[in-house]
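What follows is a set of notes on a single structure, which appears directly below.
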Amino acid sequence: MSESIAQYYHERTKYDPRTIASKNKALDPNKQPIPFKEYKIGQIFDLKPYLSAQKTTDSDFVYWRRLSRLLGYSYGLTAKVPTMGQPMCLRSAPSAGGLYPAEIYLISRGNGILPPGLYHYQAQSHSLLLFWESDMWSQLQSAGFWHSSLENTRIALATSAIFYRSQWRYEDRAYRRIFLDTGHLLGNIELAAAMNDYHAHVMGGFNDRAMNELLYLDSSQESVMTVIALADLLDIQQNLPPGITSLPSPSLTVYPEIPEGELLSALQKATEITENLPPIAATSPSETDKYNFPFCLKVSVSSPPIYWGEKLSGLETTFFKRRSCRAYSGDSLSLDQLKALLHFTYHPEDYLDQELDRSPDYFDLSLLETFIAVSGVDGLEEGCYYYAPRARELRQIRFKNFRAELHFLCLGQDLGRDAGAVVFHTADLKKAVARWGDRSYRYLHMDAGHLGQRLNLAAVYLNLGVSGIAGFFDDQVNEVLGIPADEAVIYITTLGRPRTG
Ligand SMILES: Cc1cc2nc3c(=O)[nH]c(=O)nc-3n(C[C@H](O)[C@H](O)[C@H](O)COP(=O)(O)O)c2cc1C
């Protein structure tokens, strides 16, 4: 086989109108996974008292408050919705199907407040559970191939995924959603870290087996997806330059035909890193946007930054009130709103004044492109546009009202039809694999989820509706909207006016 296993997996997990019916199997409610991990023993550190507490001068209190807010904003419980059985708990980060495959762990080097050891974040009680007290920092450094950011930092987070939670519903295609979910979580962590005087140094490359062993994970069930060294910006020693976020894995081109049901585990295995391969030559950021179309309509989308309120109070409340929109009214959003959303998502460098991270960690944003199908934006012609982030403009590739087609492309979901704008993140998989090996598949989905989370937060703050969509007819999206065929669709974010009543 000449295509790598990541490309093969992508091809095999595409939804297609001719075969979609066979994917719609009845879910077994008896096998529905519980989205919370339990530990039988450990020491509990309750984070609740600090979540909404006012700042004090007590340094220990301030430390706990920062940590409590960081975890609560990132992945805390924010709502309970009644269901037939147990009420369903929703969190500050969205998750495909509300299945929450991600877990968060914290590793402490020991700092006088958090004893050295391994902690699990228990979202249900908003607490940290110390389940293994031991100095394991050098093991963490070794599993992280001695990443520069772990030298001076004293705590790190690790996010994992429990595959079955998402697989229960989405089967092999769950791998895509697991990494999109993780990307949304990273979006929250990045912003919540900045609000609490941390920089999140994100690592997507490490020795997978060693990292899983460090956390006592059974790799066949659960695996570490990212490690995040948390640099305490109040400590001068920890104001570190950016570290390397991505490491390459091999790209596997010789493999047998993989049966359905085994694609997810095969790709997980193939994307593991066992040795620190020589870094890929750094690519200097491109000065120009990937696509330019002669004679097309070009619309400037320059915008002032979104003002998040005094001390980012608007962002804080948005973490707690963010929800995925369940139905749009079909009414239009304004061009200024679309501009503001794009600005916040793609131009963090303009948010330093508001003390947000001007250069949050992504794995490789140069591999992702953005297309937007516009069905209802006041002041903008309907059609499909390429978003050129450097030029800050939209470049029209098709002009047409695509509402009916979007309904079909999003597997018949009304969200696609009634949204005012539908954002598509795409990537050239061949190029991505050439750069980072099969591991690139993880990076692309996490980066798309991360961008998606910034879109989510900005949309909710602007009183718009927003929802991710990870189920779509892959190839038909390109054909119908005119997106170049080399661009594999990674993720969709719908934006619109929420239906009321
Ligand atoms: C990766 C991803 C894919 C999603 N796909 C869909 C989708 O196809 N259709 C949909 O209605 N909602 C989708 N959602 C929204 C989830 O259903 C929603 O996040 C979940 O029910 C939790 O609710 P909340 O976002 O309001 O907290 C998706 C969310 C994520 C993060």
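At a glance:
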item: Candidate set: the range 433-450, residues that are away from the ligand (no atom under 12 Å from the Cβ) and either within 18 Å of the chain's Cα centre (by Cα) or not in a helix (DSSP H, G or I) (or both); chosen: the one farthest from Arg497 (Cα to Cα); result: Arg439
item: Matching option when the condition is exposed (fewer than 15 other Cβ atoms within 10 Å of the Cβ), in contact (Cβ under 8 Å) with a residue 24 or more places away in the chain and more than 18 Å from Tyr443 (Cβ to Cβ), among Gly261, Gly309; result: Gly261
item: So Trp132, is it on the phi > 0 side of the Ramachandran plot and either crowded, with 17+ Cβ neighbours inside 10 Å or away from the ligand (no atom under 16 Å from the Cβ) (or both); result: no
item: Any hit, the range 93-100, residues being assigned by TED's automatic domain parsing to the domain that holds Asp232, within 15 Å of the ligand (Cβ to nearest atom) and farther than 26 Å from Ala458 by Cβ; result: no
item: Only listed residue being among the charged types (D, E, K, R), within 24 Å of His343 (Cα to Cα) and part of a strand (DSSP E or B), chosen from Arg395, Arg390; result: Arg395
item: Candidates Gly76, Gly112, filtered to the one that is over 19 Å from the mean Cα position of the chain (by Cα) and more than 8 Å from the ligand (Cβ to nearest atom); result: Gly112
item: Selection count, the range 349-382, where residues are more than 30 Å from Ile228 (Cβ to Cβ) and in contact with an Asp or Glu (Cβ under 7 Å, 6 or more places away or on another chain); result: 3
item: Filter result (within 30 Å of Leu263 (Cα to Cα) and part of a helix (DSSP H, G or I)) within the range 12-57; result: Arg12, Ile20, Ala21, Ser22, Lys23, Pro29, Asn30, Lys31
item: Residue pairs meeting the criteria (Cβ under 6 Å; at least 6 apart or on separate chains; first under 17 Å from Leu444 (Cβ atoms) and in a strand (DSSP E or B), in the range 464-480; second within 14 Å of the ligand (Cβ to nearest atom) and among the aliphatic types (A, V, I, L, M)); result: Ile469/Ile492
item: The listed residue being assigned to a strand (DSSP E or B), within 13 Å of the ligand (Cβ to nearest atom), in the same structural domain as Ile189 (by TED's automatic domain parsing) and not basic (Lys, Arg), out of Leu90, Leu106; result: Leu90
item: Residue tally, condition away from the ligand (no atom under 12 Å from the Cβ) and either at pLDDT below 95 or of a type outside the set (A, V, I, L, M) (or both), over the range 451-471; result: 3
item: Some residue of the range 126-141 being in a helix (DSSP H, G or I), in contact (Cβ under 8 Å) with a residue 24 or more places away in the chain, within 26 Å of Cys89 (Cα to Cα) and out of contact with any strand residue (DSSP E or B) (no Cβ under 8 Å at 6 or more places or on another chain); result: no
item: Test: Glu316 is among the acidic types (Asp, Glu) and closer than 21 Å to His184 by Cβ; result: yes
item: The range 398-445, subset touching a residue at least 40 places away in the same chain (Cβ under 8 Å) and at positive phi, residue surrounded by the fewest Cβ atoms within 10 Å (Cβ to Cβ); result: Leu411
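Here's the yes/no breakdown for (1) assigned to a helix (DSSP H, G or I); (2) within 16 Å of the ligand (Cβ to nearest atom):
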{"site": "Ser166", "(1), (2)": "yes, yes"}
{"site": "Ala174", "(1), (2)": "yes, yes"}
{"site": "Asp181", "(1), (2)": "yes, yes"}
{"site": "Leu185", "(1), (2)": "yes, yes"}
{"site": "Glu213", "(1), (2)": "yes, no"}
{"site": "Tyr216", "(1), (2)": "no, no"}
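The values are calculated or read from the model by the stated rules, or taken from the named source; none is laboratory data. Note that this is a predicted model, so its numbers are computed, not measured. For neighbour counting, all protein chains shown are included, and Cβ atoms are generated from backbone atoms with ideal geometry for every residue, glycine included.
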